[in-house]
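Encoded as structure tokens, the structure appears first; notes follow it.
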Amino acid sequence: MSEIDYEKLAEIELQKDEVENTQSEQEETFMPPPLEDPELNINHPYYDVARHGIIQLAGDDNSGRKVITFSCCRMPPSHQLNHTRLLEYLKYTLDQYVENDYTVVYFHYGLKSVNKPSLKWLQTAYKEFDRKYKKNLKALYVVHPTNFIKILWNIFKPLISHKFGKKITYLNYLSDLREHLKYDQLNIPQEVIRHDENLRGRQKGKLPPVVKVPPPRPPLPTQQFGVSLQYIKDKNKGELIPPVMKETVSYLKSKGLQVEGLFRRSASIQTIKDVQKLYNQGKSVNFDDYHDIHIPAVILKTFLRELPQPLLTFECYDHILGITSVESSLRVTRCKQIVQGLPEHNYVVLKYLICFLHMVSQESIYNRMTASSLACVFGLNLIWPSKGTASLSALVPLNLFTELLIDFYTNVFNSRTVPGEILP
């Protein structure tokens with residue numbers, strides 16, 4: 001079958017999807033699309049595309065990799081959206097993450113004849129995403145695939161490497177995502193949620209019974225992950241620096257400072273869970289046993305990410321977002337003011353961490369991890385909003401703030417000393 005035949009067939013299948021979806025949803029009252037991101041500045045270089053919310057940052061997957069979502073239902077009719085600009089914006093977004101392992105979730109529902117890009121555009125897009133983008137993409141989840149997707153696959157099969165093809169996973173229902181990433185962090189469009197409910201309603205027979213989730217158990221006295229800094233301090237004889245942080249930093253300082261791509265790589269999910277379990281049970285961990293320097297690096301990031309409240313605290317979130325509106329020459333001073341206002345314990349732990357990250361950045365000629373690179377990795381592990389996840393437009397100020405902390409560590413932390421504090 002020729003490419004033209006496949007294209008015609010794809011168009012027919014897409015029209016079938018539209019008819020089927022219209023019939024199943026015609027009795028529903030559709031909500032208007034979500035409001036634009038309030039943090040999105042009209043001066044954003046891709047404001048015309050970003051305002052639709054097609055591409056979103058959605059927290060982390062189960063391996064701590066950043067998750068980017070692409071929602072077809074948020075794409076306006078083709079005459080209202082410049083698809084060349086959409087491709088540029090997608091690359092602009094991914095450029096912030098391609099140096100690290102990352103995951104993409106593609107919500108197929110909502111792609112229609114009126115808003116779909118041309119086949120030529122799709123081919124151009126695939127070619128534009130060279131090895132830089134494909135190498136560190138560890139998983140691509142296609143949610144609610146249809147025959148249209150299968151036909152596209154046949155068109156692109158000659159272009160797609162076997163290695164890349166293995167990264168693609170098709171998921172029929174939203175619930176399937178829970179196995180792979182933190183579902184509650186996803187900003188799933190209401191239209192996609194309703195479509196998922198319709199699909200489940202059409203299933204033959206009864207749905208499987210809802211499994212009751214038991215109430216959470218109280219934390220162990222030796223718990224390290226998912227509990228507050230205060231809890232860890234109280235259970236560790238008043239030590240200010242959590243044991244897991246002290247041990248990972250110490251190990252990485254002695255054996256990882258010159259490792260290229262430190263903190264950029266992920267590790268085996270099962271290994272990370274095993275190490276977390278050992279720490280939570282109060283057992284010793286010998287990272288030499290794992291023969292992988294990235295394991296302690298991921299454990300450190302995981303510890304920060306699983307704190308009930310971010311190290312920089314929810315209260316500081318809006319202040320940090322405002323850093324880009326501060327005159328360049330005054331930004332370090334503003335960082336210092338924000339940090340000095342932290343609770344004493346948070347300040348000590350942050351100082352300990354940033355001191356270490358400053359050391360890492362000083363070895364960037366070997367490890368390729370500059371303050372800017374480290375900020376892209378640690379920004380969202382140090383601060384996030386109290387509700388939902390940080391939007392793409394919030395990344396610039398969050399990462400800038402983190403970069404300033406690392407670059408100007410001595411200046412930011414030189415005027416406040418806390419009894420009992422230690423440094424790496």
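The values are calculated or read from the model by the stated rules, or taken from the named source; none is laboratory data. Since the structure is predicted, the reported quantities are computational estimates derived from the model, not experimental observations. Cβ atoms come from the backbone with ideal geometry, glycine included; neighbour counts cover every protein chain shown. The area values use the complete protein model at the heavy-atom level, side chains included, leaving out ligands, DNA and RNA. Shrake-Rupley method; radii C 1.70, N 1.55, O 1.52, S 1.80 Å.
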Taking a threshold of 18 Å on the Cα-Cα distance, which of the pairs K112/K134; K66/K112; K134/K166 fall above it?
K112/K134; K66/K112
Charges on Cβ only, +1 for Lys and Arg, -1 for Asp and Glu, centred on the Cα centroid of the chain; of L140, Y409, V259, which one is farthest towards the dipole's positive end?
V259
Shape of the chain from its Cα gyration tensor (a ≥ b ≥ c, root eigenvalues): rounded if a/c is under 1.5, otherwise prolate when a/b > b/c, or oblate?
prolate
Build a GNM of the chain with springs between Cα atoms under 10 Å: which of I354, I232, I160 gets the top mean-square fluctuation?
I160
Treating the angle as unsigned and between 0 and 90°, give the value, to the nearest 10°, between the Cα long axis of helix 269-280 and the longest Cα principal axis of the chain.
30 degrees
Residue span K134 to W121: 0.36 nm per residue of separation minus Cα-Cα distance leaves a gain in nm of 2.9 nm
Mind checking the per residue accessible area of the chain for me, 1.4 Å probe, whole number of Å²?
51 Å²
For n ≥ 4 DSSP H runs only, could you compute -39500 (n - 2.57) per run for the chain, divide by its residues and tell me the 222 nm figure to the nearest 500?
-13500 deg cm²/dmol
When only alpha-carbon atoms are used, what values of Rg and Dmax, in angstrom, describe region 229-413?
16.2, 49
Taking the Cα centre of each part, how many Å lie between region 143-176 and region 293-311?
32 Å
Which value, in debye to the nearest 20, gives the size of the charge dipole of the chain about its Cα centre, when Lys and Arg are +1 and Asp and Glu are -1 at the Cβ?
980 debye
Let me see the pair-distance distribution of region 179-321: every alpha carbon pair, 5 Å bin width, integer percents in order.
2, 7, 13, 16, 15, 14, 12, 8, 7, 5, 2, 0
Heavy-atom accessible surface of region 325-422: percent carbon and sulfur, 1.4 Å:
51 percent
Student exercise, region 316-416 dipole from Lys, Arg, Asp, Glu Cβ charges, in Debye to nearest 20
100 debye
Unsatisfied cross-links (Cα-Cα over 30 Å) in the set K237/K273; K182/K336; K91/K277; K163/K283; K237/K301; K116/K301
K182/K336; K91/K277; K163/K283; K116/K301
